[in-house]
Amino acid sequence: MKDEQTNNKEAGPAVDPRVDLAVERTMYALDRTQLAWVRTVLGFITGGIAIDKGVSALHQARLLSGEAWVKNGHFAGLLLTSVGTAMMALVTVFYIIRMWQLATKLEKRNKLIYPGAIISVFMCIVGALSIYSLTFTW
């Protein structure tokens, strides 16, 4: 009997496996949410580019007739692309922080970078390149 008690003390406190499963479910839900953000921001960036390029011909015609309100017609597209990229950067930071917190709950910090973080950083780069492309037209 005494040997069993010492073995239990060496093994540490009993951990409920339901806690680990709940943490893993939360991590998977966080991954799905992050990928939904990536999809939404991709739509913002694509919409911003489409607005910028699609309205440029109409804007040139309005400039010639004198009906344009502003001299620069791609403000809306640039704004939409900038807002999408800023949202992606902010959400990515919160995602990485939350995943790190959940990994500590499991008491095993992964040395690997999470795939959602890689895709999110890639989308931030795409957004920054799109902003640069819209700002400095060729």
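The values are calculated or read from the model by the stated rules, or taken from the named source; none is laboratory data. Predicted model only: the values in this text are computed from it and were never measured. Note: ideal-geometry Cβ built from the backbone for every residue, glycine included; neighbour counts use all protein chains shown.
Tally time: how many residues in region 14-70 are among the aromatic types (Phe, Trp, Tyr) and in a loop (DSSP other than H, G, I, E, B)?
Step one: list which residues in region 14-70 are among the aromatic types (Phe, Trp, Tyr), which gives 28, 37, 44, 69.
Adding the requirement that they be in a loop (DSSP other than H, G, I, E, B) leaves 69.
Of the residues in region 14-70, 1 are among the aromatic types (Phe, Trp, Tyr) and in a loop (DSSP other than H, G, I, E, B).
Output the number of the condition that Asp52 fails; it satisfies all remaining conditions of (1) among the acidic types (Asp, Glu); (2) in contact (Cβ under 8 Å) with a residue 60 or more places away in the chain; (3) farther than 19 Å from Thr135 by Cα.
(3)
Looking at (1) exposed (fewer than 15 other Cβ atoms within 10 Å of the Cβ); (2) modelled with pLDDT under 90; (3) of a type outside the set (Asp, Glu), find the lone condition where Ile51 falls short.
Here Ile51 clears every test but (1).
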